[in-house]
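Student: Below: one structure in structure tokens.
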Amino acid sequence: MKSKSAMTLDRVLSRFGLASRSEAREAILSGRVKVNGRVIRDPDLWVRPAADAIHLDGKRLRRVRKVYLLFYKPKGIITSHGDPEGRKTVYDCLGAGVPWVSPVGRLDKDTSGLLLLTNDTDFADHVMDPASKIPKTYLVKANTLVSDECINRLSQGMELKRGDRAEPQSVRRVEDRGKYSWLEIVLTEGKNREVRRLLEAVGLKTLKLVRTRIGPCTLEGLQVGQFRILLPAERSLFYAGKTIRDSRFEIHD
């Protein structure tokens, strides 16, 4: 039986706020980590952070200050640490002065809106866990006017391709403008491109998609491409199962 204070080596790097779990594994496999003076290339090795001397790139591991950011991701920016195609990432927007943080979930390149980033892996796991039922609110512009019948079908949940099923917490019409409908969709799971696939299931296409809220946090006070620190009081609401009232989100075509 492993000691309660023991954990796998990749988990140590992640829990100490130094890298994501996948990045930690890469660092270990490439020989950048030593445990008690020996290079270790096994990410699944069990260690005791309180007793073992663990070094990354020659520096002794120390717990870093936990950082929580709210970022208004622009459209066209990818949620990644790097891109082989040279596209701009969220880290280009954050700047060099921000400590290592990882996105809590993702927004695809063509989606804008609220993104959480943190080096607190326990917090990130809680927010992403479907069992936490933390709502994520999206404003979506459909490619046509959407009927009440169609909205009712979406509200009841839809079978998606690849065997997935989407179960929105709510779907409502925000307004009809010209030839298009704007809908608000609230989800509590984080399936890949879930909103877009949900609309596709009823024959609709997504022309614009903005995430306007995650749990208690909204875009209020943020400009596109800006970030702010998540307040401790806001963070506690993620565990309390509470949300705050959304401010009105102005629709821009």
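The values are calculated or read from the model by the stated rules, or taken from the named source; none is laboratory data. Since we're looking at a predicted model, the values are computed, not measured. With ideal geometry, Cβ positions are generated from the backbone for all residues, glycine too; neighbour counts draw on all protein chains shown.
Student: On the basis of being exposed (fewer than 14 other Cβ atoms within 10 Å of the Cβ) and in contact with a helix residue (DSSP H, G or I) (Cβ under 8 Å, 6 or more places away or on another chain), does R235 make the cut?
Tutor: no
Student: Return the residues of region 127-161 that are within 22 Å of the chain's Cα centre (by Cα) and outside any strand (DSSP E or B); say none if nothing qualifies.
Tutor: Selection gives V127, M128, D129, P130, A131, S132, K133, I134, P135, L160.
Student: Let me ask you something else. When the residues of region 49-58 are narrowed to those that are surrounded by 14 or more Cβ atoms within 10 Å (Cβ to Cβ) and assigned to a loop (DSSP other than H, G, I, E, B), which ends up modelled with the lowest pLDDT?
Tutor: Out of the qualifying residues, it is P49.
Student: If you don't mind, another one. Here is a check on your reading of the model: is Y91 of a type in the set (F, W, Y), in contact (Cβ under 8 Å) with a residue 24 or more places away in the chain and closer than 30 Å to K208 by Cβ?
Tutor: no
Student: Between residues in region 170-181 that are of a type in the set (G, A, S) and residues that are not in a strand (DSSP E or B), which pairs lie under 7 Å by C-beta distance while being six or more apart or on different chains?
Tutor: What qualifies is S170/S155; S181/L145; S181/V146.
Student: Can you tell me which residue in region 59-71 is nearest to P232 (Cα to Cα), limited to those that are modelled with pLDDT of 90 or more and touching a Lys or Arg at 6+ places or on another chain (Cβ under 9 Å)?
Tutor: The qualifying residue nearest to P232 (Cα to Cα) is Y68.
Student: Right, something else. For region 168-199, what are the residues that are on the phi < 0 side of the Ramachandran plot, assigned to a loop (DSSP other than H, G, I, E, B) and surrounded by 14 or more Cβ atoms within 10 Å (Cβ to Cβ)?
Tutor: Across region 168-199, the qualifying residues are P168, Q169, T188, E189, G190, K191.
Student: Given the conditions (1) within 18 Å of the chain's Cα centre (by Cα); (2) free of Cβ contacts under 8 Å to residues at least 12 places away in the same chain, report the number of the one that A124 does not fulfil.
Tutor: For A124, the failing item is (2).
Student: Given P84, P43, P49, which one is over 18 Å from the mean Cα position of the chain (by Cα) and under 29 Å from V210 (Cβ atoms)?
Tutor: None of the others qualify; the one that does is P84.
Student: Which residues, taken from region 18-35, are of a type in the set (S, T, N, Q) and either within 14 Å of M7 (Cβ to Cβ) or at pLDDT 90 or above (or both)?
Tutor: Once the filter is applied, which keeps residues that are of a type in the set (S, T, N, Q) and either within 14 Å of M7 (Cβ to Cβ) or at pLDDT 90 or above (or both), region 18-35 yields only S30.
Student: Right, here's the next one. Which one of these is touching a strand residue (DSSP E or B) at 6+ places or on another chain (Cβ under 6 Å) and not β-branched (V, I, T): G17, G37, G31?
Tutor: On the way: G17 fails: touching a strand residue (DSSP E or B) at 6+ places or on another chain (Cβ under 6 Å); G37 fails: touching a strand residue (DSSP E or B) at 6+ places or on another chain (Cβ under 6 Å).
That would be G31, the only listed residue that is touching a strand residue (DSSP E or B) at 6+ places or on another chain (Cβ under 6 Å) and not β-branched (V, I, T).
Student: Restricting attention to region 75-88, which residues are surrounded by fewer than 15 Cβ atoms within 10 Å (Cβ to Cβ) and modelled with pLDDT of 85 or more?
Tutor: Correct list: G76, K88.
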